[in-house]
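Structure provided below as structure tokens; questions to follow.
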Amino acid sequence: MRARLLRGCAANPLQSDIRSAEHAGMVRFISFVLFVAAGYVLLEPLGLGPSGLRIDGSQVVLETEDFEVHFTRLGASETGTHMVFGGLNDQLRNNLSHATLATLAIRHAQLIGETHPDFHLCSSPGAAQAKRLVETWSFVAASRSARAALIRAVDLHAERLRGDGTRTCVDVTGAELLLDAVQLKHDGRDITSDVAPAFRNTRFQLAERAELADCESLLR
């Protein structure tokens, strides 16, 4: 089976989900832009290193220019393969993760592909099934290499979407995270209630390792 997305099909539900994922990312972005008037947000690119990340047992803290973002690590590390359907590189000084991806777990892709091997086409009944199972993940990278791989997955997906539509997959190893609190560094004020609603449909994960995977071979 060719893991490709049909271009030029306006009704393609997977294309729509890409737009939805990008919109979700923009909602997150806008939630931070609201703080610009108060001088909290600096929209400057970061380097590739996950600087400011502290891990102490189950507690994970991401320190940005103006915020401290507190997470609780849930359970042990696991490895999952994600088929990418959209993404956003969160290379801003004040953000809650390093990359956000709209993905379909490869096990779902394989299962749908057994009965609908053309699920990547908008005319396939499998396309609607895939759309319902797409999730939004925000990854907090624990290393430079993991962050670079996640950013590459987002960029490669966009490049391929403009080209022949070949699917992009990425393996990620790490534990899921629970967003506990977002605090302003200069006065310790908790702004979680202002920020958290934008993430109600987002799952966070600590990405200890990430690398690109071959979708084609996984879907044969």
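The values are calculated or read from the model by the stated rules, or taken from the named source; none is laboratory data. Treat the numbers as computed from the prediction; the structure is a model and nothing was measured. Glycine gets a Cβ as well: all are built from the backbone with ideal geometry, and neighbour counts include every protein chain shown.
Pick from Glu114, Glu78: which is without any contact (Cβ under 8 Å) to a residue 24 or more places away in the chain and of a type outside the set (S, T, N, Q)? Even if it seems obvious, please write down each step before you answer.
Working: Glu78 fails: without any contact (Cβ under 8 Å) to a residue 24 or more places away in the chain.
Being without any contact (Cβ under 8 Å) to a residue 24 or more places away in the chain and of a type outside the set (S, T, N, Q) holds for just one of Glu114, Glu78, which is Glu114.
Okay, moving on. From the list Leu104, Leu14, pick out the single residue that is at pLDDT 80 or above and either touching a Lys or Arg at 6+ places or on another chain (Cβ under 7 Å) or surrounded by 17 or more Cβ atoms within 10 Å (Cβ to Cβ) (or both).
Of the residues listed, the single one that is at pLDDT 80 or above and either touching a Lys or Arg at 6+ places or on another chain (Cβ under 7 Å) or surrounded by 17 or more Cβ atoms within 10 Å (Cβ to Cβ) (or both) is Leu104.
Among the residues that make up region 134-148, is at least one of them of a type in the set (Asp, Glu), part of a helix (DSSP H, G or I) and in contact (Cβ under 8 Å) with a residue 24 or more places away in the chain?
Restricting attention to region 134-148, the residues satisfying the condition of being of a type in the set (Asp, Glu) are 135.
Next, only the ones that are part of a helix (DSSP H, G or I) stay: none.
Taking every residue of region 134-148 in turn, none turns out to be of a type in the set (Asp, Glu), part of a helix (DSSP H, G or I) and in contact (Cβ under 8 Å) with a residue 24 or more places away in the chain.
Tally time: how many residues in region 172-193 are surrounded by 13 or more Cβ atoms within 10 Å (Cβ to Cβ) and not in a strand (DSSP E or B)?
The number of residues fulfilling the criteria is 3.
Looking at Thr173, Thr202, Thr166, which one is in contact with a Lys or Arg (Cβ under 6 Å, 6 or more places away or on another chain), within 29 Å of Phe67 (Cα to Cα), touching a residue at least 40 places away in the same chain (Cβ under 8 Å) and not small (Gly, Ala, Ser)? Talk me through it step by step, then tell me what you get.
Working: Thr202 fails: in contact with a Lys or Arg (Cβ under 6 Å, 6 or more places away or on another chain); Thr166 fails: within 29 Å of Phe67 (Cα to Cα).
The unique qualifying residue is Thr173.
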